[in-house]
1. Could you work out what % of the accessible surface of segment 202-308 is carbon and sulfur, using a 1.4 angstrom probe and leaving DNA, RNA and ligands out of the count?
2. Compute the angle between helix 62-74 and the longest alpha-carbon principal axis of the chain, please, reported from 0 to 90 degrees and rounded to the nearest 10.
3. Treating only the Cβ atoms of Lys and Arg (+1) and Asp and Glu (-1) as charged, compute the dipole magnitude of the chain about its Cα centre; round to the nearest 20 debye.
4. Against the 2.2 N^0.38 Å scaling, with N counting residues, where does the chain land? I'd like the Cα-based Rg ratio to two decimal places.
5. Among H239, S287, S215, flag the residue with its Cα farthest along the positive direction of the charge dipole of segment 202-308, charges on Cβ as +1 for Lys/Arg and -1 for Asp/Glu.
6. Sorted from largest down, what three extents in whole angstroms do the Cα atoms of segment 9-157 have along their principal axes?
7. From the cross-link list K89/K305; K118/K272; K60/K156; K118/K275; K156/K269; K221/K275, which pairs have alpha carbons spaced over 29 Å apart?
8. Carbon-plus-sulfur fraction of the accessible area of segment 88-135, 1.4 Å probe, in percent?
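The values are calculated or read from the model by the stated rules, or taken from the named source; none is laboratory data. All figures in this text were calculated on a predicted structure; none of them were measured in a lab. Positions of Cβ are generated from backbone atoms using ideal geometry, with glycine treated the same way; all protein chains shown enter the neighbour counts. Each accessible area value is taken on the protein alone, full model and side chains, heavy atoms only, with ligands, DNA and RNA left out. Shrake-Rupley method; radii C 1.70, N 1.55, O 1.52, S 1.80 Å.
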Amino acid sequence: MKKEIRIFSPGTVSNVSCGFDVLGFCLDHIGDEMVVRTTTQKGISITKIEGYDLPYETKKNVAGVSALALVNDFQPDFGFEIEIYKRIKPGSGIGSSAASAAGSVFAINELLGKPYNKTQLTQFAMKGEAVASQSEHADNLAPAIFGGFVLVKSLKPLEILNLPTPDELYAVIIHPQIEIKTAEARAILPKEIPMQDAISQWSNLGSLVHALHTSDYELLKRSLYDAVVEPYRSQLIPHFEDVKQAVLDAGALGFGISGSGPSMFAITKGEKSAKMVEIAMRKVYQSSNIQFETYLSKINKEGIKTLS
Ligand code: ADP
């Protein structure tokens, strides 16, 4: 049995436009690395964290909590220690906690000889995510574990649909260095929505799923709208409308808030278009006094992977 594994756990975009709370996708090369090794002592310990200041206490770190959920079920007569090399800034809106929560269970499952399938791993990882967000959700975890575009059809029972990802899809992310409190992002949402907005949302989500199945980039472009959440949450993100206009003018297929922000994402057809879009979004923020970073990534169909 392998005693040590190094993995790459990617960042993810959730709340993809009309797929609020159900649709996400996985990024490439933007993510954390983790090393997990077996220990003779039972239980889970976190022995190293680099990059950001996060809790070492197993029950406070999402990677520890999800790992505990798995070992409580499997009951191995040995334990695991976890090292986290964190590159995704916590609270950025591109699934920092999900990368850790999914990474630990993926790595342990590999070391145990893969007793669990991807849906079961997502279920364990949801216990970890709950530590960061106070509720169990899977819309960042499932894309990290499955790769590509993923629809979380239901949480109870957990049902995840791995959708096809057209080959030429790229994502460009802009992360303004501001903090949006999750509580504020939640509070700003309406409790009820007009019927007309609901109709537009399910029509767009249906056509988006169809566009992914048929690699229809034009239909994808006509589907990437969010009538329900974006009008409210975008108010919390400086220059949202300016960036949106700039990236659409530069040829993006769609644009929206990543997770609950402050990061925003654009989807493009091809790398050349992605580069143009990245330039356009940078230009808008360069004229503000807010620090920011951008990332360009092919949509990652593979998800978490073993490095060694
Ligand atoms: P994100 O969407 O980027 O994951 P969240 O606000 O959902 O951001 O989660 C970040 C919160 O989770 C922070 O309060 C952070 O301290 C906590 N947390 C605990 N363990 C981890 C971890 N291993 N990686 C990232 N965040 C963690």
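1. Taking all protein chains in place, segment 202-308 shows 51 percent carbon and sulfur surface.
2. 50 degrees
3. 440 debye
4. That ratio works out to 0.98.
5. Result: S215, furthest along the dipole toward the positive end.
6. 48, 33, 27
7. From K89/K305; K118/K272; K60/K156; K118/K275; K156/K269; K221/K275, over 29 Å: K118/K272; K118/K275; K156/K269.
8. 49 percent
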